[in-house]
Amino acid sequence: MAVTGKRYWGVLTPQPAAQLVTYAKQAEAWGMEGLWGIQLPGPAFLPLATAAAGTERLKLGTGVALAFTRSPLETAMSALDLDLISGGRMVLGVGPSVQFVNEQWHGVPYDKPLKRLREAVTLIRLILDKGHTGELGMWEGTYYQVDLSSLNFIPRPVRRHIPLYLPALFTGAVRLAAEIADGLVGHPLWSLQWIREQVMPTLNTGLQQARKAREAFELNLWTYVAVNPDRRQALADARGTVARYASISQYEKYFAAHGFGDAARGAASAAQQHDHSTMLSAIPDNMVEKFAIVGMPDEVRSKLAAVWEVADSVTVMAPTNFLTPEQIRTYQQAMATTDYQ
């Protein structure tokens, strides 16, 4: 995988330590910018801490840690610990995820997620920047009320500022990221149309209002990539990942904005019935191509070039849903052996 001159990120999943470190070392040797750990469903910090022990340059980010399922103090301390372990390579991505993950899996409230996220991030940043000073005391917000006056034993951080990124699907979260974060983690099913027509105008306006320079803000765009000499097979194998996202009711209006509302509703209905065959058949080929990059290496390179026209860095992932571990490894290997220049 040749990535010279471009800042590519990959995704790190939980696995035995030896395998995890081997993969992280390989990513570093390829020249990748960093690896993201994803909280689905376990915390992202553990694989990243393991990877830190076997690497020297690779950035290690949470993409993303759930904001509402742990306290702001625990999130901040996990970030500070990982930054210490890695020698200052941590990027803290933190976000709300979707409603059912919070309410059904974790049993925590999800009301007004952007307002709650703003407050959580404010407190997390306060602890990251000043937790070691002994200056903190009572802090009261709408969702969090804490007394940090006895929190006077945190060691001095490795560096003055840990980058904090927020994720987004809709423009409200893009605006929030522009205002209070150092970067934006793009949703992996953002279409190029959505990025150009919705994300970039909102981001640029938000940065101007926050009086931030565009070059001081990181836009990391994620995309699913299925490299396969058999294009129809690539479409079929990426379909399950698109179908899984389409089945989330909270995303229906996003797909509807692209003209795929009926398909999303069909996938959601089939998912509720655990009818995977109907769920997959609800997703037409042009919907797969809209939200994922599929095809032969030359086609993939061409489509990625369009993403790079707006991205500062890009995260590439193989499709996973409804595929066997062997199929997933095949796509990961195909990505690894593709020259992206």
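Some points to look at:
- Linear extension gain, residue 256 paired with residue 296, 0.36 nm per residue minus alpha-carbon span: 11.5 nm
- When the chymotrypsin sites (Phe, Trp or Tyr not before Pro) in the stretch 111-164 are filtered for DSSP coil states and for at most 12 other beta-carbon atoms within 10 Å of their beta-carbon, the remaining sites are 153.
- The alpha-carbon positions of the stretch 215-341 define a convex hull whose volume is 117 Å³ per residue.
- Sites matching trypsin sites (Lys or Arg not before Pro) across the stretch 46-107 that sit in DSSP coil, with at most 13 neighbouring C-beta atoms within 10 Å: 57
- Dipole in debye (nearest 20) - the chain, about Cα centre, beta carbon charges: Lys, Arg +1; Asp, Glu -1: 400 debye
- Approximating the spin labels as points 7 Å out from Cα along Cα→Cβ, the residue 145-to-residue 57 distance works out to 5.1 nm.
- Longest DSSP-loop-exposure-free segment, GluC sites (Glu not before Pro), the chain, at most 14 other Cβ within 10 Å: 136-308
- Percent carbon-and-sulfur accessible area, the chain, ignoring ligands, DNA and RNA, probe 1.4 Å: 51 percent
- Nitroxide proxy distance, nm - points 7 Å out along Cα→Cβ at residue 19 and residue 153: 3.9 nm
- Candidates 237, 147, 312, ranked by Gaussian network fluctuation over the chain, Cα under 10 Å, top entry: 147
- Close Lys pairs in the chain (alpha-carbon distance under 20 Å; sequence gap of 8 or more, or different chains): 7.
- The stretch 213-239-the stretch 286-332 distance, computed between alpha-carbon centres (Å): 3 Å
- Each Lys and Arg adds +1 at its Cβ and each Asp and Glu adds -1 at its Cβ; summed about the Cα centre, the stretch 55-125 shows a dipole of about 240 debye.
- Considering the stretch 1-125, its Cα convex hull presents a mean projected area of 8.0 nm².
- Point-to-point label distance, residue 273-residue 135, nm (Cα→Cβ direction, 7 Å offset): 6.1 nm
- Residues in the stretch 48-64 that a label on residue 108 would reach, taking backbone N under 15 Å of a point 7 Å out along Cα→Cβ: 63-64
- Evaluated over the stretch 115-229, the Cα radius of gyration and Dmax, each in Å: 17.3, 61
- Accessible area per residue in Å² at 1.4 Å probe, computed on the chain: 45 Å²
- Stretching residue 216 away from residue 305 to a fully extended chain increases their span by 29.8 nm, per 0.36 nm per residue minus the current alpha-carbon distance.
- Note on the chain: GNM, Cα springs under 10 Å; of 283, 38, 154, the largest mean-square fluctuation is that of 154.
- Scattering profile of the stretch 87-138 at q = 0.22 Å⁻¹ [log10 I(q)/I(0), Debye over alpha-carbon scatterers]: -0.90
The values are calculated or read from the model by the stated rules, or taken from the named source; none is laboratory data. Fair warning: this is a prediction, and the values are worked out from it, not measured in the lab. Every residue, glycine among them, receives a Cβ derived from its backbone with ideal geometry; neighbour counts consider all protein chains shown. To get the accessible areas, we keep the full protein, side chains included, count just its heavy atoms, and leave off ligands, DNA and RNA. Shrake-Rupley method; radii C 1.70, N 1.55, O 1.52, S 1.80 Å.
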